[in-house]
Amino acid sequence: CMVYCSSWGDANALEFLGRINAGEDAVDAQARINIEAGWQHVQPHDKQERELIVLAGGPSMREPDQLREIIALRAAGAALVTINGSYDWAIERGLEPSAQIVLDGREFNARFTRTPHPTCRYLIASQVHPSVLEGLPRERTYLWHSGVSDENEALIRERTGQFFPVPGGSTVVLRAIPLLRMLGFARM
């Protein structure tokens, strides 16, 4: 028997206050720096009928049948979204990511964006360490917001005239699902 427990008091706390792997002060400061840097911000999109492959890592990606299926779906026109290290895994296998998602606020996660791909869009949480954004193409890089402070929400509204938070859990995959839904992907 395996039991999973949570220290979250309720779903609202998990959905809106979940933070990823960095102290609250660091995340808040990093978000402010990134918001002030003038990056584009994710906005809701109309529903897309295009199928979506999400590579979230894990041992099943090593299975030859999985790789063949990913290649076949991509060849049939499915969008390919990578998360963290699956980005390099996909590129090493000749797969072109449609988008790369990064959420974690720690500096060493810059390794997930060091090699910009010419057709990839970068969906980067505003709370990341600023080094994660270094070298990314501005025209294809978008900030999204996960549990930002009231002050940073006000800054986003001041700069963009709107605010679209991405709810979800306390992992990049649990935030990627509502992010991708916001972007119009219904079939994952």
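The values are calculated or read from the model by the stated rules, or taken from the named source; none is laboratory data. Here the structure is a predicted model, which is why all the values come from computation and not from measurement. Every residue, glycine as well, gets a Cβ built from its backbone with ideal geometry; the counts of neighbours run over all protein chains shown. We work out accessible area using only protein heavy atoms, side chains counted, and drop any ligands, DNA or RNA first. Shrake-Rupley method; radii C 1.70, N 1.55, O 1.52, S 1.80 Å.
Any residue at all in the range 136-150 that's among the basic types (K, R), farther than 15 Å from T82 by Cβ and in contact with an Asp or Glu (Cβ under 8 Å, 6 or more places away or on another chain)?
No, the conditions are met nowhere in the range 136-150.
Residues are listed down the side, and each one gets a yes or a no for (1) touching a Ser or Thr at 6+ places or on another chain (Cβ under 7 Å); (2) farther than 23 Å from E51 by Cα; (3) charged (D, E, K, R):
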| residue | (1), (2), (3) |
| --- | --- |
| A75 | no, no, no |
| R93 | no, no, yes |
| P116 | no, yes, no |
| Y142 | no, no, no |
| F164 | no, yes, no |
| G169 | no, yes, no |
Please state which of the following conditions I177 fails to meet, knowing it meets all the rest: (1) open to solvent by 20 Å² or more (accessible area, probe 1.4 Å); (2) of a type outside the set (G, A, S); (3) closer than 18 Å to H41 by Cβ. (3)
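Considering each of A99, A79, A154 in turn, give the residue that is open to solvent by 50 Å² or more (accessible area, probe 1.4 Å) and among the aliphatic types (A, V, I, L, M).
On the way: A99 fails: open to solvent by 50 Å² or more (accessible area, probe 1.4 Å); A79 fails: open to solvent by 50 Å² or more (accessible area, probe 1.4 Å).
The conditions single out A154.
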What do you reckon, is L133 touching a residue at least 24 places away in the same chain (Cβ under 8 Å) and within 27 Å of R93 (Cα to Cα)? yes
Do any residues in the range 46-58 that are farther than 13 Å from Y87 by Cβ and basic (K, R) have Cβ atoms under 6 Å from those of residues that are open to solvent by less than 80 Å² (accessible area, probe 1.4 Å) and not in a loop (DSSP other than H, G, I, E, B), where the two are at least six apart or on different chains, and which pairs are they? R50/A79
Quick check on the range 102-111: of everything there that is open to solvent by less than 20 Å² (accessible area, probe 1.4 Å) and not in a loop (DSSP other than H, G, I, E, B), which residue is farthest from I177 (Cα to Cα)? A110
Kindly establish whether V148 is aliphatic (A, V, I, L, M), part of a loop (DSSP other than H, G, I, E, B) and either in contact (Cβ under 8 Å) with a residue 40 or more places away in the chain or open to solvent by less than 40 Å² (accessible area, probe 1.4 Å) (or both). yes
In the range 114-135, which residues are assigned to a loop (DSSP other than H, G, I, E, B) and open to solvent by 10 Å² or more (accessible area, probe 1.4 Å)? R114, T115, P116, H117, P118, T119, H129, E134, G135
Quick check: is even one residue across the range 88-96 of a type in the set (F, W, Y) and either assigned to a helix (DSSP H, G or I) or under 15 Å from C120 (Cβ atoms) (or both)? yes
Applying the selection to the range 23-41, what residues are open to solvent by 30 Å² or more (accessible area, probe 1.4 Å), outside any helix (DSSP H, G or I) and of a type in the set (A, V, I, L, M, F, W, C)? A37
Please give the number of the condition T82 fails out of (1) modelled with pLDDT of 95 or more; (2) within 21 Å of M182 (Cα to Cα); (3) in a loop (DSSP other than H, G, I, E, B). (3)
If S170 meets every condition in (1) under 26 Å from T119 (Cβ atoms); (2) crowded, with 18+ Cβ neighbours inside 10 Å apart from one, which number is that one? (1)
Please specify each residue of the range 156-174 satisfying the condition of being β-branched (V, I, T) and either assigned to a helix (DSSP H, G or I) or within 18 Å of Q40 (Cα to Cα) (or both). I156, T160, V166, V172, V173
